[in-house]
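Everything below concerns the one structure shown next.
The values are calculated or read from the model by the stated rules, or taken from the named source; none is laboratory data. Please read all numbers here as calculations on a predicted model, not as lab measurements. Cβ placement follows ideal geometry from the backbone for every residue including glycine, while neighbour counts extend to all protein chains displayed.
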Amino acid sequence: MSSSIGIGVIGMGWMGTVHSRSYNQIKPRFPESRVFPQLVICADDVAARADEAKESLGFSRSTTDWQDVIRDPDVDVVNITAPNFLHLDMVRQAAATGKHIFCEKPVGRSPQETAAIVQTARDAGVLTWVGYNYRWAPVVQHARQLIADGKLGRITHYRGRFFAGYASHPEGVLSWRFQREAAGSGSLGDLMSHVTDMAHMLAGPIKRVIGNQATFITERPTPQPGAGTHFSVGTDGPKEPVTNEDYASALVQFENGAHGTFEVCRVIQGPKCQMAFEIHGTEGAIHWDFERMNELQVFTTDGTHDGYTTIQSSPAHPGHIHFNPGPAVGLGYDDLKVIEVYHFLQSIANGKQGKPGFAEALAVGNVLAAIVRSWASERWEKIID
Ligand SMILES: NC(=O)c1ccc[n+]([C@@H]2O[C@H](COP(=O)([O-])OP(=O)(O)OC[C@H]3O[C@@H](n4cnc5c(N)ncnc54)[C@H](O)[C@@H]3O)[C@@H](O)[C@H]2O)c1
């Protein structure tokens, strides 16, 4: 038997609208779902954004005060898609009312805030979810299964990267992402969080890291308050300093003996959204790149091919059939968010914490904390759980 669950969304920028559209897609895409979301209330401190979201996405109410979402008796799930500096306070208040929480990565501004958030939700006993959406590409889930089935043998090498061009224009405006006070870290929290979660899912826990960082574009145009996105390009106005890193990297050693590298950058020229991994084992290898998200490159030493084979996303791979009945009729970014929201809702229906929840965000935070420590110590740093 299915039931209805009330959703409140806070922060109606890029992610708030994507999450809301995803909740609206559950009924048509996953008719077997045991819970169906109702969009109850959305909040944004920019009134026009809240009003527009209400009209276009079908919320019953909108507000400029995010605490209205938490207080609303019809809201069962608080969906946090606001800038990072608000995550801690919002989770604290949502958890205090016993509501389930979906918080976007990086879950707070720093690993310390992530840990505080995780503890708060644990103490309250609420179910949680985190937006590590790249996990949900059907061929990535296929890769996970191939590795779990031992098709690559023992994992020896792992290279994870997220090369994004969203900030590569030197006149790209100084949105909250570039300000330590609002975002916390830069590419580390924004992009390395995805790379680390993916590596955890595919290759398991990490033992130690040594990292590096750089800021290539040191000042950016002041944005117009309440207008534009972090993709906006400024004009001739004043500039302010960028206060967190554009680039972060790490040498990585896994608990299972694999070695590798993580590298992320938000200002690189060439790649646009290259969230990618290359994994090698004693009996094969796998490559995946979000820029070609419906393709997986697989090589095995079983003698069938002396080279990589391209596997196209197909109904045989987890999630694909909910979007298209045919092979190589590909999915897109927003579809990964629909799959993600579906899994979150099933965890609520089952009353059982699913993955990735706040525990996975804490595991990521522990790796990011070790990378930050290594920036200062200039030595290998162990992951401290
Ligand atoms: N999983 C992913 O792939 C992914 C992608 C992008 C962003 N994110 C995460 O999602 C979150 C939001 O990012 P975004 O790109 O949507 O940012 P955004 O700037 O597009 O949207 C943030 C929204 O929050 C609103 N806001 C700010 N202060 C508020 C307040 N006090 N009350 C209510 N609303 C407020 C802003 O007006 C804006 O509309 C961040 O934590 C980010 O790291 C995740």
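Look at S347 and say whether it is in a helix (DSSP H, G or I), among the hydroxyl-bearing types (S, T, Y), modelled with pLDDT of 95 or more and over 27 Å from T120 (Cβ atoms). So S347 fails the test. Is there a residue in segment 230-240 that is over 21 Å from the mean Cα position of the chain (by Cα), of a type in the set (D, E, K, R), under 30 Å from E52 (Cβ atoms) and in a loop (DSSP other than H, G, I, E, B)? Among the residues of segment 230-240, at least one is over 21 Å from the mean Cα position of the chain (by Cα), of a type in the set (D, E, K, R), under 30 Å from E52 (Cβ atoms) and in a loop (DSSP other than H, G, I, E, B), which makes the answer yes.
Number of residues in segment 105-133 that are within 15 Å of the ligand (Cβ to nearest atom) and buried (at least 23 other Cβ atoms within 10 Å of the Cβ) equals 13. The helices (runs of 4 or more DSSP H) found entirely in segment 1-96 that carry 2 or more residues being charged (D, E, K, R) and more than 22 Å from the chain's Cα centre (by Cα) are 47-57, 67-71.
Among the criteria (1) within 20 Å of the chain's Cα centre (by Cα); (2) part of a loop (DSSP other than H, G, I, E, B); (3) closer than 21 Å to R21 by Cβ, the one V341 does not fulfil is (2). When P221, P205, P170 are checked against the criterion of being modelled with pLDDT of 95 or more and more than 17 Å from the chain's Cα centre (by Cα), P205 stands alone in meeting it. Put simply, of S232, S249 the only residue that is free of Cβ contacts under 8 Å to residues at least 40 places away in the same chain and more than 14 Å from A143 (Cβ to Cβ) is S249.
All conditions in (1) under 29 Å from A82 (Cα atoms); (2) touching a Lys or Arg at 6+ places or on another chain (Cβ under 6 Å); (3) modelled with pLDDT of 95 or more hold for H230, with the sole exception of (3). Pairs meeting the criteria (first residue in segment 163-180 and over 25 Å from A276 (Cβ atoms) and not assigned by TED's automatic domain parsing to the domain that holds Q224, second residue of a type outside the set (K, R) and in a helix (DSSP H, G or I), beta carbons under 8 Å, at least 6 apart or on different chains) are lacking. Scanning segment 291-321 for residues that are in a helix (DSSP H, G or I), surrounded by fewer than 20 Cβ atoms within 10 Å (Cβ to Cβ) and touching a residue at least 12 places away in the same chain (Cβ under 8 Å) yields a single hit, E291. Is segment 23-40 home to any residue that is within 14 Å of the ligand (Cβ to nearest atom) and surrounded by 15 or more Cβ atoms within 10 Å (Cβ to Cβ)? No - not one qualifying residue is present in segment 23-40.
Tallying residues that are outside any strand (DSSP E or B), buried (at least 20 other Cβ atoms within 10 Å of the Cβ) and in contact with a strand residue (DSSP E or B) (Cβ under 8 Å, 6 or more places away or on another chain) within segment 244-260 yields 3. Across segment 277-285, a minimum of one residue is classified as surrounded by 18 or more Cβ atoms within 10 Å (Cβ to Cβ) and closer than 28 Å to V338 by Cβ.
Being at pLDDT 95 or above and within 16 Å of the ligand (Cβ to nearest atom) is a condition met by no residue of segment 144-152. If you go through segment 73-98 and pick out every residue that is touching a residue at least 40 places away in the same chain (Cβ under 8 Å) and more than 14 Å from the ligand (Cβ to nearest atom), you end up with 4. Residues that are surrounded by fewer than 19 Cβ atoms within 10 Å (Cβ to Cβ) and in contact with a Gly (Cβ under 8 Å, 6 or more places away or on another chain) within segment 231-243 comprise F231, S232, V233, listed in sequence order. Here segment 222-238 is the region considered, the condition is being in contact with a strand residue (DSSP E or B) (Cβ under 6 Å, 6 or more places away or on another chain) and within 16 Å of the ligand (Cβ to nearest atom), and the residue that is nearest to C273 (Cα to Cα) is V233.
Taking the criterion of being closer than 18 Å to T310 by Cβ and within 16 Å of the ligand (Cβ to nearest atom), the residues of segment 134-143 that qualify are A137, V140. Only one of the numbered conditions (1) in a strand (DSSP E or B); (2) within 26 Å of I26 (Cβ to Cβ) is violated by H287, and that is (2). When segment 349-382 is filtered for residues that are over 21 Å from the mean Cα position of the chain (by Cα), more than 21 Å from Q141 (Cβ to Cβ) and not small (G, A, S), the ones remaining, listed by number, are R373, W375, E378, R379, W380, E381, K382.
Within segment 180-225, the set of residues being of a type in the set (S, T, N, Q) and either in a helix (DSSP H, G or I) or surrounded by fewer than 16 Cβ atoms within 10 Å (Cβ to Cβ) (or both) comprises S187, S193, T196, N212, T218, T222, Q224.
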